[in-house]
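One structure below.
The values are calculated or read from the model by the stated rules, or taken from the named source; none is laboratory data. Quick caveat: nothing in here was measured; it's all calculated off a predicted structure. FYI the Cβ positions are ideal-geometry reconstructions off the backbone, even for glycines, and counts take in every protein chain you see. The protein model used for the area step is the full one, side chains on, heavy atoms only, and it has no ligands, DNA or RNA in it. Shrake-Rupley method; radii C 1.70, N 1.55, O 1.52, S 1.80 Å.
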Amino acid sequence: MEGSRIRASFDLDASGKHRGYLTVPWSRDDSAWGSIQMPITVVRNGRGPRLLLLAGNHGDEYEGPIALMKLAAALEAEAVRGVVTILPTMNHPAVLAARRTSPIDGGNMNRVFPGARGGSPTAMIAHFVYHQLVARADVVVDLHSGGKTLDFVPSVILHELDDPLLMQRTIEAGLAFGAPLALVIRELDTEGMLDVAVEALGKLFVTTELGGGGSTTPARVAIAERGVRNLLRHLGVIDGAPEAPDPPSRLMQTPAGGFVVCRTAGMFEPQVELGARVEKGAPLGQVHFFEDREQEPHCYAAPCAGMLYARHFPGLIKRGDCLAVIAAKKAAAP
Ligand code: CA
(Lines give C-alpha, C1' and ligand atoms only; values in the text may rest on other atoms or scores of the structure.)
Protein backbone atom coordinates (compact mmCIF):
# COMPACT_ATOMS: atom_id res chain seq x y z
CA MET A 1 0.00 0.00 0.00
CA GLU A 2 1.60 3.26 -1.10
CA GLY A 3 2.11 5.90 1.64
CA SER A 4 0.13 9.11 1.67
CA ARG A 5 0.55 12.62 3.08
CA ILE A 6 -3.06 12.38 4.34
CA ARG A 7 -3.50 11.14 7.94
CA ALA A 8 -6.53 9.40 9.44
CA SER A 9 -7.48 10.23 13.04
CA PHE A 10 -7.87 6.50 13.84
CA ASP A 11 -6.44 3.16 12.70
CA LEU A 12 -8.30 2.29 9.47
CA ASP A 13 -7.75 -1.45 10.20
CA ALA A 14 -9.15 -1.44 13.76
CA SER A 15 -12.24 -3.54 14.59
CA GLY A 16 -15.51 -1.93 15.66
CA LYS A 17 -17.03 1.39 14.60
CA HIS A 18 -14.75 4.40 14.28
CA ARG A 19 -15.72 7.91 13.26
CA GLY A 20 -13.11 10.57 12.66
CA TYR A 21 -11.37 12.71 10.09
CA LEU A 22 -8.83 12.57 7.33
CA THR A 23 -6.40 15.49 7.55
CA VAL A 24 -5.16 16.80 4.21
CA PRO A 25 -2.19 19.18 4.66
CA TRP A 26 -2.89 22.51 2.96
CA SER A 27 -0.58 25.38 3.84
CA ARG A 28 -1.90 28.64 2.42
CA ASP A 29 -2.04 32.40 2.84
CA ASP A 30 -4.85 32.45 5.41
CA SER A 31 -3.69 29.39 7.38
CA ALA A 32 0.08 28.74 7.44
CA TRP A 33 -0.06 25.30 9.08
CA GLY A 34 -3.62 24.69 7.94
CA SER A 35 -5.34 21.54 6.73
CA ILE A 36 -8.57 20.23 5.22
CA GLN A 37 -10.51 17.91 7.56
CA MET A 38 -12.83 15.37 5.94
CA PRO A 39 -15.20 13.08 7.91
CA ILE A 40 -14.64 9.32 7.51
CA THR A 41 -16.34 6.34 9.16
CA VAL A 42 -15.15 2.72 9.23
CA VAL A 43 -17.38 -0.07 10.55
CA ARG A 44 -15.54 -3.39 10.82
CA ASN A 45 -16.72 -6.70 12.26
CA GLY A 46 -14.97 -10.01 11.53
CA ARG A 47 -14.68 -11.55 8.08
CA GLY A 48 -16.84 -10.55 5.12
CA PRO A 49 -16.90 -8.33 2.06
CA ARG A 50 -15.03 -5.03 2.28
CA LEU A 51 -17.10 -2.14 0.91
CA LEU A 52 -15.98 1.38 0.19
CA LEU A 53 -18.88 3.87 -0.08
CA LEU A 54 -18.00 7.23 -1.62
CA ALA A 55 -19.91 10.43 -2.45
CA GLY A 56 -19.05 14.07 -3.01
CA ASN A 57 -16.68 13.18 -5.87
CA HIS A 58 -18.28 16.26 -7.42
CA GLY A 59 -19.20 18.92 -4.85
CA ASP A 60 -22.66 19.97 -6.12
CA GLU A 61 -24.40 16.57 -5.85
CA TYR A 62 -26.46 15.82 -2.75
CA GLU A 63 -28.29 12.47 -2.68
CA GLY A 64 -25.09 10.47 -2.14
CA PRO A 65 -23.55 12.56 0.66
CA ILE A 66 -26.89 12.75 2.55
CA ALA A 67 -27.52 9.00 2.29
CA LEU A 68 -23.96 8.18 3.37
CA MET A 69 -23.93 10.60 6.33
CA LYS A 70 -27.16 8.99 7.59
CA LEU A 71 -25.77 5.48 7.08
CA ALA A 72 -22.50 6.39 8.86
CA ALA A 73 -24.48 7.59 11.87
CA ALA A 74 -26.82 4.59 11.97
CA LEU A 75 -24.70 1.55 11.06
CA GLU A 76 -23.38 -0.34 14.12
CA ALA A 77 -20.56 -2.87 14.10
CA GLU A 78 -22.73 -5.72 15.46
CA ALA A 79 -24.98 -5.48 12.37
CA VAL A 80 -22.03 -5.79 9.93
CA ARG A 81 -20.10 -8.76 8.56
CA GLY A 82 -16.94 -7.42 6.94
CA VAL A 83 -15.98 -3.78 6.51
CA VAL A 84 -17.92 -0.68 5.46
CA THR A 85 -15.79 2.43 4.89
CA ILE A 86 -17.79 5.63 4.31
CA LEU A 87 -16.39 8.87 2.86
CA PRO A 88 -19.41 11.13 2.11
CA THR A 89 -17.55 14.25 0.89
CA MET A 90 -14.62 12.93 -1.13
CA ASN A 91 -13.74 16.25 -2.79
CA HIS A 92 -14.35 18.12 0.46
CA PRO A 93 -13.21 21.58 -0.78
CA ALA A 94 -15.59 21.26 -3.76
CA VAL A 95 -18.46 20.27 -1.42
CA LEU A 96 -17.71 23.28 0.84
CA ALA A 97 -17.95 25.53 -2.22
CA ALA A 98 -21.03 23.71 -3.69
CA ARG A 99 -19.06 23.33 -6.92
CA ARG A 100 -18.38 20.40 -9.23
CA THR A 101 -14.62 21.03 -9.08
CA SER A 102 -12.29 22.13 -6.29
CA PRO A 103 -12.02 25.91 -5.79
CA ILE A 104 -8.41 25.39 -4.60
CA ASP A 105 -6.88 23.82 -7.68
CA GLY A 106 -9.76 23.52 -10.19
CA GLY A 107 -9.45 19.74 -9.84
CA ASN A 108 -12.23 17.51 -11.16
CA MET A 109 -11.81 14.55 -8.79
CA ASN A 110 -13.10 12.07 -11.37
CA ARG A 111 -10.40 13.01 -13.90
CA VAL A 112 -7.29 12.73 -11.68
CA PHE A 113 -7.22 9.07 -10.58
CA PRO A 114 -4.99 7.41 -9.44
CA GLY A 115 -3.90 10.80 -8.09
CA ALA A 116 -0.50 12.01 -6.90
CA ARG A 117 1.00 11.78 -3.40
CA GLY A 118 2.63 15.20 -3.60
CA GLY A 119 -0.01 16.79 -5.84
CA SER A 120 -2.49 19.57 -5.15
CA PRO A 121 -5.35 18.75 -2.71
CA THR A 122 -7.60 17.12 -5.35
CA ALA A 123 -4.82 14.84 -6.62
CA MET A 124 -3.61 14.15 -3.05
CA ILE A 125 -7.11 13.05 -1.96
CA ALA A 126 -7.50 10.87 -5.09
CA HIS A 127 -4.13 9.26 -4.30
CA PHE A 128 -5.27 8.48 -0.73
CA VAL A 129 -8.62 7.11 -1.91
CA TYR A 130 -6.94 4.87 -4.50
CA HIS A 131 -3.89 3.66 -2.56
CA GLN A 132 -5.39 3.48 0.96
CA LEU A 133 -9.15 3.00 0.63
CA VAL A 134 -9.69 1.22 -2.72
CA ALA A 135 -6.71 -1.02 -1.83
CA ARG A 136 -8.59 -2.08 1.35
CA ALA A 137 -11.88 -2.78 -0.52
CA ASP A 138 -13.40 -5.56 -2.64
CA VAL A 139 -16.38 -3.46 -3.76
CA VAL A 140 -16.43 0.30 -4.46
CA VAL A 141 -19.61 2.38 -4.72
CA ASP A 142 -19.33 6.00 -5.90
CA LEU A 143 -22.63 7.88 -5.64
CA HIS A 144 -23.08 10.65 -8.22
CA SER A 145 -25.92 12.91 -9.34
CA GLY A 146 -26.18 15.47 -12.11
CA GLY A 147 -25.01 18.48 -10.11
CA LYS A 148 -26.08 22.01 -10.96
CA THR A 149 -26.01 21.59 -14.73
CA LEU A 150 -27.71 18.22 -15.37
CA ASP A 151 -30.80 16.41 -14.12
CA PHE A 152 -31.22 12.61 -14.35
CA VAL A 153 -33.90 10.00 -13.90
CA PRO A 154 -32.49 8.39 -10.70
CA SER A 155 -30.37 5.50 -11.89
CA VAL A 156 -27.56 3.06 -11.22
CA ILE A 157 -24.80 3.24 -13.84
CA LEU A 158 -22.98 0.08 -14.88
CA HIS A 159 -20.12 -0.05 -17.36
CA GLU A 160 -19.75 -2.44 -20.27
CA LEU A 161 -16.86 -4.66 -19.10
CA ASP A 162 -14.75 -7.10 -21.09
CA ASP A 163 -14.71 -9.62 -18.20
CA PRO A 164 -18.10 -11.45 -18.50
CA LEU A 165 -18.08 -12.69 -14.86
CA LEU A 166 -17.40 -9.20 -13.46
CA MET A 167 -20.05 -7.82 -15.85
CA GLN A 168 -22.62 -10.30 -14.51
CA ARG A 169 -21.77 -9.47 -10.87
CA THR A 170 -21.99 -5.76 -11.69
CA ILE A 171 -25.46 -6.11 -13.28
CA GLU A 172 -26.71 -8.18 -10.31
CA ALA A 173 -25.43 -5.57 -7.85
CA GLY A 174 -26.89 -2.74 -9.92
CA LEU A 175 -30.33 -4.35 -10.07
CA ALA A 176 -30.17 -5.09 -6.31
CA PHE A 177 -29.62 -1.34 -5.65
CA GLY A 178 -33.19 -0.88 -6.86
CA ALA A 179 -33.10 2.56 -8.55
CA PRO A 180 -35.86 3.20 -11.14
CA LEU A 181 -33.27 2.59 -13.91
CA ALA A 182 -30.14 0.50 -14.22
CA LEU A 183 -28.28 1.95 -17.16
CA VAL A 184 -25.46 0.08 -18.90
CA ILE A 185 -23.07 2.47 -20.63
CA ARG A 186 -19.63 2.60 -22.20
CA GLU A 187 -17.89 5.78 -20.95
CA LEU A 188 -16.79 8.23 -23.65
CA ASP A 189 -13.78 9.72 -21.87
CA THR A 190 -12.34 7.41 -19.21
CA GLU A 191 -8.95 9.08 -18.55
CA GLY A 192 -8.51 9.63 -14.80
CA MET A 193 -11.89 8.21 -13.75
CA LEU A 194 -12.18 6.36 -10.43
CA ASP A 195 -14.54 3.94 -12.22
CA VAL A 196 -11.97 2.55 -14.65
CA ALA A 197 -9.17 2.66 -12.05
CA VAL A 198 -11.23 0.34 -9.80
CA GLU A 199 -12.47 -1.90 -12.64
CA ALA A 200 -8.87 -2.33 -13.89
CA LEU A 201 -8.13 -3.96 -10.51
CA GLY A 202 -10.93 -6.50 -11.18
CA LYS A 203 -13.01 -5.11 -8.29
CA LEU A 204 -16.78 -4.69 -8.36
CA PHE A 205 -17.73 -1.05 -9.02
CA VAL A 206 -21.18 0.54 -8.91
CA THR A 207 -21.96 4.19 -9.56
CA THR A 208 -25.16 6.22 -9.88
CA GLU A 209 -26.81 9.33 -11.24
CA LEU A 210 -29.45 9.97 -8.58
CA GLY A 211 -30.90 13.32 -9.62
CA GLY A 212 -29.34 16.73 -10.11
CA GLY A 213 -30.00 20.42 -10.47
CA GLY A 214 -27.80 21.26 -7.47
CA SER A 215 -30.36 20.14 -4.87
CA THR A 216 -32.44 17.07 -4.05
CA THR A 217 -35.94 15.83 -3.14
CA PRO A 218 -37.30 13.44 -0.47
CA ALA A 219 -37.99 10.75 -3.11
CA ARG A 220 -34.46 10.92 -4.48
CA VAL A 221 -32.83 10.75 -1.04
CA ALA A 222 -35.05 7.73 -0.30
CA ILE A 223 -33.82 6.00 -3.49
CA ALA A 224 -30.20 6.66 -2.45
CA GLU A 225 -30.69 5.40 1.11
CA ARG A 226 -32.60 2.28 0.06
CA GLY A 227 -30.07 1.62 -2.71
CA VAL A 228 -27.06 1.66 -0.43
CA ARG A 229 -28.76 -0.59 2.15
CA ASN A 230 -29.90 -2.92 -0.65
CA LEU A 231 -26.28 -3.27 -1.79
CA LEU A 232 -25.17 -4.08 1.77
CA ARG A 233 -27.89 -6.76 1.91
CA HIS A 234 -27.14 -8.10 -1.58
CA LEU A 235 -23.46 -8.52 -0.69
CA GLY A 236 -24.26 -10.12 2.69
CA VAL A 237 -22.70 -7.31 4.76
CA ILE A 238 -25.97 -6.78 6.67
CA ASP A 239 -28.87 -9.21 7.15
CA GLY A 240 -31.97 -9.37 5.00
CA ALA A 241 -32.93 -9.45 1.34
CA PRO A 242 -32.79 -6.33 -0.85
CA GLU A 243 -36.08 -4.38 -0.87
CA ALA A 244 -37.46 -4.67 -4.40
CA PRO A 245 -38.61 -1.37 -5.92
CA ASP A 246 -42.15 -1.08 -7.29
CA PRO A 247 -42.16 -0.89 -10.30
CA PRO A 248 -38.98 -2.98 -10.67
CA SER A 249 -35.70 -1.47 -11.92
CA ARG A 250 -35.59 -1.19 -15.70
CA LEU A 251 -32.36 -2.30 -17.40
CA MET A 252 -31.59 0.23 -20.16
CA GLN A 253 -28.71 1.55 -22.23
CA THR A 254 -27.81 4.74 -24.05
CA PRO A 255 -28.02 3.95 -27.77
CA ALA A 256 -25.36 5.27 -30.14
CA GLY A 257 -26.43 8.82 -31.03
CA GLY A 258 -28.55 9.12 -27.87
CA PHE A 259 -26.57 12.17 -26.66
CA VAL A 260 -27.87 15.54 -27.86
CA VAL A 261 -25.22 18.28 -27.76
CA CYS A 262 -26.33 21.93 -27.93
CA ARG A 263 -25.11 23.94 -30.93
CA THR A 264 -26.58 27.34 -29.98
CA ALA A 265 -26.37 29.68 -26.98
CA GLY A 266 -29.57 31.08 -25.49
CA MET A 267 -32.46 30.39 -23.14
CA PHE A 268 -33.39 26.71 -22.82
CA GLU A 269 -37.03 25.64 -22.93
CA PRO A 270 -37.44 21.96 -22.04
CA GLN A 271 -40.43 20.47 -23.92
CA VAL A 272 -40.51 16.97 -22.42
CA GLU A 273 -40.60 15.90 -18.77
CA LEU A 274 -37.70 13.84 -17.52
CA GLY A 275 -38.55 10.14 -17.74
CA ALA A 276 -41.13 10.61 -20.51
CA ARG A 277 -41.26 8.34 -23.58
CA VAL A 278 -40.22 10.11 -26.81
CA GLU A 279 -40.46 9.02 -30.44
CA LYS A 280 -37.65 9.67 -32.93
CA GLY A 281 -37.95 13.27 -34.20
CA ALA A 282 -40.19 14.45 -31.33
CA PRO A 283 -39.27 17.87 -29.89
CA LEU A 284 -37.05 17.70 -26.77
CA GLY A 285 -36.49 21.38 -26.23
CA GLN A 286 -35.75 24.66 -27.92
CA VAL A 287 -33.24 27.44 -27.49
CA HIS A 288 -34.58 31.01 -27.57
CA PHE A 289 -32.34 33.83 -28.80
CA PHE A 290 -33.53 36.37 -26.27
CA GLU A 291 -31.13 39.07 -27.49
CA ASP A 292 -32.44 38.93 -31.07
CA ARG A 293 -36.20 39.33 -31.53
CA GLU A 294 -36.01 38.45 -35.25
CA GLN A 295 -34.40 35.04 -34.85
CA GLU A 296 -36.67 31.99 -34.53
CA PRO A 297 -35.92 29.55 -31.68
CA HIS A 298 -33.74 26.56 -32.54
CA CYS A 299 -35.53 23.23 -31.98
CA TYR A 300 -33.77 20.06 -30.85
CA ALA A 301 -35.49 16.77 -31.71
CA ALA A 302 -35.06 13.29 -30.25
CA PRO A 303 -32.34 11.51 -32.29
CA CYS A 304 -33.96 8.14 -31.53
CA ALA A 305 -36.95 6.69 -29.70
CA GLY A 306 -36.68 6.00 -25.98
CA MET A 307 -36.94 7.74 -22.62
CA LEU A 308 -35.71 11.25 -21.84
CA TYR A 309 -33.07 10.12 -19.33
CA ALA A 310 -31.14 13.34 -18.66
CA ARG A 311 -31.42 16.98 -19.55
CA HIS A 312 -29.60 20.27 -19.23
CA PHE A 313 -30.82 21.94 -16.03
CA PRO A 314 -30.02 25.70 -15.87
CA GLY A 315 -32.15 28.23 -17.73
CA LEU A 316 -29.35 29.30 -20.03
CA ILE A 317 -27.51 26.97 -22.38
CA LYS A 318 -24.54 27.28 -24.72
CA ARG A 319 -22.87 25.49 -27.60
CA GLY A 320 -21.22 22.25 -26.46
CA ASP A 321 -23.48 21.71 -23.41
CA CYS A 322 -25.18 18.33 -23.01
CA LEU A 323 -28.81 19.18 -23.83
CA ALA A 324 -30.39 15.75 -23.44
CA VAL A 325 -29.63 12.03 -23.23
CA ILE A 326 -32.04 9.36 -24.46
CA ALA A 327 -32.08 5.89 -22.91
CA ALA A 328 -33.53 2.79 -24.57
CA LYS A 329 -34.29 -0.77 -23.45
CA LYS A 330 -31.11 -2.80 -23.09
CA ALA A 331 -30.62 -5.08 -26.06
CA ALA A 332 -29.96 -8.73 -25.22
CA ALA A 333 -26.30 -9.75 -25.27
CA PRO A 334 -25.20 -11.18 -28.66
CA1 CA B 1 -21.07 13.60 -11.03
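When you filter the trypsin sites (Lys or Arg not before Pro) in segment 258-334 for DSSP loop state and at most 14 other Cβ atoms inside 10 Å of their Cβ, you are left with Arg263, Lys280, Arg293, Lys318, Arg319. Summarised as an ellipsoid, segment 45-94 has semi-axes of 23, 11, 7 Å, derived from the eigenvalues of the Cα gyration tensor scaled by 5 and square-rooted, with the largest first.
Identify the GluC sites (Glu not before Pro) of segment 1-96 meeting these criteria: DSSP loop state and at most 12 other C-beta atoms within 10 Å of the C-beta.
Those that pass, being in a loop and sparsely packed, are Glu2, Glu76.
Taking a ≥ b ≥ c as the square roots of the eigenvalues of the Cα gyration tensor, segment 37-194 is classed as rounded, since a/c falls below 1.5. Summarising the strand pairing of segment 157-266, around 10 percent of its internal DSSP beta bridges are antiparallel. Sorted from greatest to least, the principal axis extents spanned by the alpha carbons of the chain come out as 66, 52, 36 Å. Neighbours of Pro248 by Cβ distance under 15 Å: Lys/Arg scored +1, Asp/Glu scored -1, total +1. Mind jotting down the distance between the C-alpha centroids of segment 96-110 and segment 163-237, whole Å? Segment 163-237 and segment 96-110 have Cα centres spaced 22 Å from each other. In the full protein context, segment 90-231 carries 34 Å² of accessible surface per residue, based on a 1.4 Å probe and ignoring ligands, DNA and RNA. Using the beta-carbon distance between Arg233 and Glu294 and R0 = 51 Å, what value does 1/(1 + (r/R0)^6) give for FRET efficiency, to the nearest 0.05? Taking R0 as 51 Å, the efficiency between Arg233 and Glu294 is 0.30.
Count Lys and Arg as plus one, Asp and Glu as minus one, and take only other residues whose Cβ is under 14 Å from that of Val24; the net charge is then +3.
The mean accessible area for residues of segment 277-334, using a 1.4 Å probe and ignoring ligands and nucleic acids, is 59 Å² per residue.
Globularity index of segment 36-127 is 1.14 (Cα radius of gyration / 2.2 N^0.38 Å, N = number of residues). Close amide-amide hydrogen proximity is noted between Ile185 and Leu158, His159, Glu160, each under 5 Å apart and 5 or more residues distant or on a separate chain (H modeled in the peptide plane; Pro and chain starts excluded). For the chain, the carbon plus sulfur part of the accessible surface works out to 54%, probe radius 1.4 Å.
What does the extension gain come out to for Lys330 and Ala219, with contour length at 0.36 nm per residue minus their alpha carbon separation? Provide the component values of the computation, followed by the final result.
Values: separation 111, 0.36 × 111 = 39.96 nm, distance 2.51 nm.
Length gained between Lys330 and Ala219: 37.5 nm.
What fraction of the DSSP beta bridges in the chain is antiparallel, stated in percent and rounded to the nearest 5? If we restrict to bridges inside the chain, about 65 percent are antiparallel.
Applying 0.36 nm per residue to the separation of Leu96 and Leu165 and subtracting their alpha-carbon distance, the gain on full extension is 20.9 nm. Out of every Cα-Cα pair that segment 155-266 contains, those further apart than 23 angstrom amount to 35 percent. Pairwise Cα separations in segment 210-334 fall into 5 Å bins from 0 onward with the following percentages, short to long: 2, 10, 15, 16, 16, 14, 11, 7, 4, 3, 1, 1, 0. For segment 3-77, the normalised intensity computed at q = 0.13, 0.18, 0.24 Å⁻¹ comes to -0.49, -0.87, -1.22 (log10 of I(q)/I(0), Debye sum over alpha carbons, equal scatterers, no solvent). Helical runs assigned H by DSSP (4 residues or longer) give the chain a calculated mean residue ellipticity at 222 nm of -5500 deg cm²/dmol, each run adding -39500 (n - 2.57) before division by the residue total.
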